[in-house]
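Novice: Mind looking over this structure? Questions follow.
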């Protein structure tokens, strides 16, 4: 079943435009030298928007933990149940994390601690989302 | 009417020192409605409005206060569970009834103005709008009374539930993810404290050891304490404590989170009467004194809070509360943290170091004697897990323990201070109560 489709807003439009080009971009505050995701109007450290820029991090991460969604509340995802929901930390800055359904990994067979790499998945015609797959 | 933002009342910063009104504000009464599983949308005697009026009348009766003496009402819009999407629920339009039930207010929503109009309060001068949840409302009322904004203030917390699977409608039925949900929902996170806490809980087990199933001791103890709480859902519906086997075999929700790790949504209302300590001494029932209130609203640094963040947040909550109350962990007799999901409570227990419990020690603590008659009567209220999701058991039990009126739940250890909360690791508030004002 298809996943739920993100609706970009003014702040997130550049992010999703990049994802649709199969690129991951996240905000970086050049003053604080701090990456942040999801995007915010200001840097979460200095509170300024003046030094925020989009940066393309290396698409490498690790699986920190996972759960299996057995009885979630999202109608569109119910046929997928049970499915994995993993927490992926970005190698470049492990305080930045992402969700992943780990495409190709059966439910409950998640290799916690394993390396993952960026991939993309189409959720609607012309709309991709960022995903992560286990590095073999 | 004033709004909550018009009144600078929060104690939500580190290092604020001892609360300036410590011991000068008291709770003089409380009242509970019956706790039903759902409202049937037909019987007006069991609507949230009727139940809220009942709770207010009980609280005033217990304190010996008349309607004319009430000059403050702190009431948030109800928090609806049921078939739609929580606070975003759109129950209207529906067939309505005769006044005062001729709109959604009184049925599934309650606010101060509806109560003023329908209960006959004539002298209310403080009735803010945009009021947060009870975790903060008790602090707001404490500060308002302490500051002299009002002197006799009802805090009212309705929580509603109606037919339908829990939050299966509204935005959760949408094919699209808008706003903040664009960062969580495409991967299956529907949002809520279950998701906020389940990942830190998994990391907790990996870091400190133990199994998820070790929570069964805590869950069972909550059920036992709930059966000792005469007004709660479990006691009034004879919901006997589950067995270890029941727990282990129960339906997974967000595995390892099981159905018995989640509280039961209910339709109920509760009210508390806050006043000055000076006035409370002449009221009908024994007052308990507010020694501090504190709030927090920590921002997520990224998609999902992790264990490090949750531990840091709860450490800061504890530091703020203890500093403001002028007390430390060893001074707290009664400890009623929030348990809407069983997986979050250990973070509070360890952050506040109640009975010396340090990081990583909660599960072994749960396996010991945490019964109300033992040396470590943890969460003597039974919380939400033992009483239904009223989010008020923590407060009422704390009052009763300090008064010595907790009946079969009365602890055998000293009961002179009590710490209680409705909070998540990231947002909410704490309240420290004392049997004595100083």
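Novice: Answer yes or no as to whether residue A:112 is in contact with a strand residue (DSSP E or B) (Cβ under 7 Å, 6 or more places away or on another chain), closer than 28 Å to residue B:298 by Cα, within 9 Å of chain B (Cβ to nearest Cβ) and in a loop (DSSP other than H, G, I, E, B).
Specialist: It is true that residue A:112 is in contact with a strand residue (DSSP E or B) (Cβ under 7 Å, 6 or more places away or on another chain), closer than 28 Å to residue B:298 by Cα, within 9 Å of chain B (Cβ to nearest Cβ) and in a loop (DSSP other than H, G, I, E, B).
Novice: Turning to a different aspect of this structure: Could you check region B:204-301 for helices (runs of 4 or more DSSP H) lying wholly inside it with 2 or more residues that are modelled with pLDDT of 95 or more and in contact with a strand residue (DSSP E or B) (Cβ under 7 Å, 6 or more places away or on another chain)?
Specialist: Correct list: B:277-280.
Novice: From the residues in region B:85-103 that are modelled with pLDDT under 85 and assigned to a loop (DSSP other than H, G, I, E, B), which one is surrounded by the most Cβ atoms within 10 Å (Cβ to Cβ)?
Specialist: The qualifying residue surrounded by the most Cβ atoms within 10 Å (Cβ to Cβ) is B:89.
Novice: Determine whether residue A:8 is touching a helix residue (DSSP H, G or I) at 6+ places or on another chain (Cβ under 6 Å) and surrounded by fewer than 17 Cβ atoms within 10 Å (Cβ to Cβ).
Specialist: It is true that residue A:8 is touching a helix residue (DSSP H, G or I) at 6+ places or on another chain (Cβ under 6 Å) and surrounded by fewer than 17 Cβ atoms within 10 Å (Cβ to Cβ).
Novice: Continuing with this model, one more query. Can you say whether residue B:115 is under 25 Å from the mean Cα position of the chain (by Cα), more than 17 Å from residue B:295 (Cβ to Cβ) and not in a helix (DSSP H, G or I), as far as the supplied structure shows?
Specialist: no
Novice: Within region B:318-332, is even one residue part of a loop (DSSP other than H, G, I, E, B), touching a residue at least 40 places away in the same chain (Cβ under 8 Å) and within 19 Å of the chain's Cα centre (by Cα)?
Specialist: yes
Novice: Using the structure shown, decide if residue B:177 is crowded, with 22+ Cβ neighbours inside 10 Å and within 14 Å of chain A (Cβ to nearest Cβ).
Specialist: yes
Novice: Related question: Just the residues that are within 16 Å of residue A:126 (Cβ to Cβ) and either modelled with pLDDT under 95 or more than 9 Å from chain B (Cβ to nearest Cβ) (or both), please, taken from region A:1-12.
Specialist: A:2, A:3
Novice: Would you mind stating whether residue B:356 is more than 29 Å from residue B:284 (Cα to Cα) and either touching a strand residue (DSSP E or B) at 6+ places or on another chain (Cβ under 6 Å) or surrounded by fewer than 23 Cβ atoms within 10 Å (Cβ to Cβ) (or both)?
Specialist: Against the criterion (more than 29 Å from residue B:284 (Cα to Cα) and either touching a strand residue (DSSP E or B) at 6+ places or on another chain (Cβ under 6 Å) or surrounded by fewer than 23 Cβ atoms within 10 Å (Cβ to Cβ) (or both)), residue B:356 qualifies.
Novice: With the condition being in contact with a strand residue (DSSP E or B) (Cβ under 6 Å, 6 or more places away or on another chain) and more than 9 Å from chain B (Cβ to nearest Cβ), I'd like the strands (runs of 3 or more DSSP E) fully within region A:13-84 carrying at least 2 qualifying residues.
Specialist: A:26-29, A:52-55, A:60-69
Yes/no matrix, rows are residues, columns are (1) under 26 Å from residue A:73 (Cβ atoms); (2) within 14 Å of chain A (Cβ to nearest Cβ):
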site: B:170; (1), (2): yes, yes
site: B:196; (1), (2): yes, yes
site: B:209; (1), (2): no, no
site: B:212; (1), (2): yes, yes
site: B:229; (1), (2): no, no
site: B:246; (1), (2): yes, no
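Novice: How many residues does region A:85-102 contain that are more than 7 Å from chain B (Cβ to nearest Cβ) and out of contact with any strand residue (DSSP E or B) (no Cβ under 6 Å at 6 or more places or on another chain)?
Specialist: 2
Novice: In this structure, does residue B:182 turn out to be more than 14 Å from every other protein chain (Cβ to nearest Cβ) and part of a helix (DSSP H, G or I)?
Specialist: Here the answer is no, as residue B:182 does not meet what is asked.
Novice: Kindly evaluate residue B:147 against the criterion of being more than 20 Å from residue B:60 (Cα to Cα), surrounded by fewer than 20 Cβ atoms within 10 Å (Cβ to Cβ) and at pLDDT 95 or above.
Specialist: Spelling it out, residue B:147 is indeed more than 20 Å from residue B:60 (Cα to Cα), surrounded by fewer than 20 Cβ atoms within 10 Å (Cβ to Cβ) and at pLDDT 95 or above.
Novice: Return only the number of the condition from (1) more than 30 Å from residue B:51 (Cα to Cα); (2) out of contact with any helix residue (DSSP H, G or I) (no Cβ under 8 Å at 6 or more places or on another chain) that residue B:300 does not satisfy.
Specialist: Residue B:300 satisfies all of (1) more than 30 Å from residue B:51 (Cα to Cα); (2) out of contact with any helix residue (DSSP H, G or I) (no Cβ under 8 Å at 6 or more places or on another chain) except (2).
Conditions (1) surrounded by fewer than 20 Cβ atoms within 10 Å (Cβ to Cβ); (2) without any contact (Cβ under 8 Å) to a residue 24 or more places away in the chain, marked per residue:
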| position | (1), (2) |
| --- | --- |
| B:206 | yes, yes |
| B:230 | yes, no |
| B:233 | no, no |
| B:243 | yes, yes |
| B:252 | yes, yes |
| B:261 | no, no |
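Novice: Within region B:185-198, how many residues are in contact with a helix residue (DSSP H, G or I) (Cβ under 9 Å, 6 or more places away or on another chain), within 21 Å of residue B:384 (Cα to Cα) and assigned to a helix (DSSP H, G or I)?
Specialist: The number of residues fulfilling the criteria is 5.
The values are calculated or read from the model by the stated rules, or taken from the named source; none is laboratory data. Nothing here was measured: the structure is a model prediction, and the numbers come from that model. Glycine also receives a Cβ, built like all others from the backbone with ideal geometry; neighbour counts cover every protein chain displayed.
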